[in-house]
Amino acid sequence: MAKTFILAICLFLSVLCPSGAVAETPNIELKIIVSNIADNKGQLLVGIYNKAEGAFQTSSQTAGKIVPAQAGKMLFTFQLPAGQYAIGVIHDRNSNNQLDTNFLGIPTEDYGFSNSAARPDFEKAKINITHNQTIYITMH
C-alpha cells in the first residue's frame with residue numbers, strides 16, 4: 001500500500017513538473033525601420049536597452065547591430081522577450097563606433113531614438129513590446 005501511494009505521488013508530481021521543463025518567454029519579432037539616412041558613408045549603430053541605468057551606452061545593450069549605411073531607409077529585425085525597451089541609432093559616418101560631437105557637445109553625426117525622443121532619455125524613448133511589431137525611427 002505504501003509503495004502504491006509513493007508511486008502515485010511520483011506520477012502526480014511528474015505530470016505537474018515534467019523533467020527538463022523550463023518556462024520559456026517567447027521571443028517577439030521587433031522590426032525597426034530607420035529613415036532619412038543621409039548617405040552610404042560609414043555604418044549604422046543600432047542599440048536596444050531594457051533599463052534606464054546605463055541606457056545608450058554600448059556596454060549596457062540588450063541587443064545591437066552594426067551594419068554598413070545605406071542612404072534612405074534600412075530595416076533591422078530583432079527577436080526579444082516582451083518588455084520595455086529604448087532604441088538608439090547613430091549614423092557613424094567615419095566608422096569610429098561612436099557619435100561624434102563638436103567642441104560644444106553638439107552631435108556632428110545623425111542620430112535617432114524610439115518614440116521620436118529628442119535626446120538619449122530612457123523614459124522618453126521607451127516603448128512597450130508585447131507582440132510582433134514595427135517601429136519607425138527618423139534620423140536627425
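Bear in mind that the values in this text are calculations on the coordinates, not laboratory data. Just so you know, these numbers come straight off a predicted model, no measurement behind them. Cβ coordinates were reconstructed from backbone atoms using ideal geometry, including for glycine residues, and neighbour counts include every protein chain displayed.
Would it be correct to say that F122 is within 18 Å of Q57 (Cα to Cα) and touching a helix residue (DSSP H, G or I) at 6+ places or on another chain (Cβ under 7 Å)? Taking the combined requirement at face value, the residue does not satisfy it.
A single member of F103, F76 is surrounded by 19 or more Cβ atoms within 10 Å (Cβ to Cβ), out of contact with any Gly (no Cβ under 9 Å at 6 or more places or on another chain) and aromatic (F, W, Y), and it is F76.
Take the residues of the stretch 52-70 that are surrounded by 12 or more Cβ atoms within 10 Å (Cβ to Cβ) and of a type in the set (G, A, S): which is nearest to M139 (Cα to Cα)? Only one residue tops the list, namely A69. Conditions: (1) of a type in the set (V, I, T); (2) touching an Asp or Glu at 6+ places or on another chain (Cβ under 6 Å); (3) under 16 Å from I137 (Cβ atoms). T108 meets all but one. Number of the miss? It is condition (3) that T108 fails. For the stretch 25-42, the set of residues classified as surrounded by 13 or more Cβ atoms within 10 Å (Cβ to Cβ) and over 17 Å from the mean Cα position of the chain (by Cα) consists of N36, I37, A38, K41, G42, listed by residue number. Note on the stretch 37-66: residues that are assigned to a loop (DSSP other than H, G, I, E, B) and in contact (Cβ under 8 Å) with a residue 40 or more places away in the chain total 8.
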